[in-house]
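See structure below.
The values are calculated or read from the model by the stated rules, or taken from the named source; none is laboratory data. Fair warning: this is a prediction, and the values are worked out from it, not measured in the lab. Here the Cβ positions follow ideal geometry from the backbone for every residue, glycine too, while neighbour counts run over all protein chains shown.
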């Protein structure tokens, strides 16, 4: 999977559901994805927050991109803190965000990788997280062929992907390589967000701000199902 900036709970469910999670560093950065941005709750509506990047070529991989020199982590922290003023778990959650956003390395991939590791530790997820470029496969492979090579290199017999990838992969192709293909589907998890209507699929930040850590851990560990293609 590509690394994402403080992704939604379903991303961490996927990490929790597997023994080894491979995060891509040697794939192209995509402007319109969620690699360096996400959504949080602001005045009852979703709002985007992001990591600004240094201007550079669109052909660079994620590991070659750099955060903008003027990125101010404390400014973003203040924005999030103000948005969740009065949230029941704000005091417990802010130290995690401070540790993530004040990380000194400005390489985009290393910043995101550190964020995933810190969040997984906070959620009690013990899954091994590996970096794609460090796995000995032909990295010129693309799409399904690359996935198959990476899975085979880890010795795994099952591959689990997000539910949105059902159209991307062929179960028969995986079976031909001795690998079972599964998809993860999150079950509903609604909670009170101040006094407004529930806004779904926000960053894990939102879930952490409004729910005790035990409830978030339980959701991440088991509030999903694995389905066949």
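I'm trying to understand the selection: among the residues of the stretch 192-213, which are under 20 Å from the mean Cα position of the chain (by Cα) and without any contact (Cβ under 8 Å) to a residue 60 or more places away in the chain?
Once the filter is applied, which keeps residues that are under 20 Å from the mean Cα position of the chain (by Cα) and without any contact (Cβ under 8 Å) to a residue 60 or more places away in the chain, the stretch 192-213 yields only 200.
Tally the residues that are part of a strand (DSSP E or B), within 16 Å of the chain's Cα centre (by Cα) and under 28 Å from residue 196 (Cβ atoms), restricting the search to the stretch 17-46.
If we filter the stretch 17-46 for residues that are part of a strand (DSSP E or B), which is where we start, we get 20-23, 28, 37-42, 45-46.
When the remaining residues are screened for being within 16 Å of the chain's Cα centre (by Cα), the result is 20-23, 37-40.
Pick out the ones that are also under 28 Å from residue 196 (Cβ atoms) and you get 37-40.
The total comes to 4.
Is it true that some residue in the stretch 179-195 is over 30 Å from residue 42 (Cβ atoms), modelled with pLDDT of 95 or more and assigned to a loop (DSSP other than H, G, I, E, B)? So that I can check it myself, show each step before the final result.
Going residue by residue through the stretch 179-195, those that are over 30 Å from residue 42 (Cβ atoms) are 179-183.
Filter once more, keeping what is modelled with pLDDT of 95 or more: 179-183.
Now drop any that are not assigned to a loop (DSSP other than H, G, I, E, B), which leaves 179.
Yes, the stretch 179-195 has at least one match.
Within the stretch 66-85, work out how many residues are in a loop (DSSP other than H, G, I, E, B) and either in contact with a helix residue (DSSP H, G or I) (Cβ under 7 Å, 6 or more places away or on another chain) or surrounded by 11 or more Cβ atoms within 10 Å (Cβ to Cβ) (or both).
Let us first name the residues in the stretch 66-85 that are in a loop (DSSP other than H, G, I, E, B), namely 68-72, 84-85.
Keeping just the survivors that are either in contact with a helix residue (DSSP H, G or I) (Cβ under 7 Å, 6 or more places away or on another chain) or surrounded by 11 or more Cβ atoms within 10 Å (Cβ to Cβ) (or both) gives 68, 71-72, 84.
Of the residues in the stretch 66-85, 4 are in a loop (DSSP other than H, G, I, E, B) and either in contact with a helix residue (DSSP H, G or I) (Cβ under 7 Å, 6 or more places away or on another chain) or surrounded by 11 or more Cβ atoms within 10 Å (Cβ to Cβ) (or both).
Is it true that some residue in the stretch 141-159 is at pLDDT 95 or above, touching a helix residue (DSSP H, G or I) at 6+ places or on another chain (Cβ under 6 Å) and surrounded by fewer than 16 Cβ atoms within 10 Å (Cβ to Cβ)?
Yes, the conditions are met somewhere in the stretch 141-159.
Just to be sure I understand, how many residues within the stretch 47-62 are assigned to a strand (DSSP E or B) and under 19 Å from residue 24 (Cβ atoms)? Steps first, answer last, please.
Filtering the stretch 47-62 down to residues assigned to a strand (DSSP E or B) leaves 47-50, 53, 61.
Subsequent filtering for residues that are under 19 Å from residue 24 (Cβ atoms) retains 53, 61.
Selection size over the stretch 47-62: 2.
Can you pull out every residue in the stretch 109-119 that is out of contact with any helix residue (DSSP H, G or I) (no Cβ under 6 Å at 6 or more places or on another chain) and either surrounded by 15 or more Cβ atoms within 10 Å (Cβ to Cβ) or in a loop (DSSP other than H, G, I, E, B) (or both)?
Residues of the stretch 109-119 that are out of contact with any helix residue (DSSP H, G or I) (no Cβ under 6 Å at 6 or more places or on another chain), as a first pass: 110-114, 116-117, 119.
Those that are out of contact with any helix residue (DSSP H, G or I) (no Cβ under 6 Å at 6 or more places or on another chain) and either surrounded by 15 or more Cβ atoms within 10 Å (Cβ to Cβ) or in a loop (DSSP other than H, G, I, E, B) (or both): 110, 111, 112, 113, 114, 116, 119.
Does the stretch 123-134 contain at least one residue that is within 14 Å of the chain's Cα centre (by Cα), loosely packed, with under 15 Cβ neighbours inside 10 Å and more than 19 Å from residue 61 (Cβ to Cβ)?
The answer is no, given that none of the residues of the stretch 123-134 is within 14 Å of the chain's Cα centre (by Cα), loosely packed, with under 15 Cβ neighbours inside 10 Å and more than 19 Å from residue 61 (Cβ to Cβ).
For the stretch 196-229, how many residues meet the condition of being under 16 Å from residue 10 (Cα atoms) and in a loop (DSSP other than H, G, I, E, B)?
Residues that pass the stated criteria total 6.
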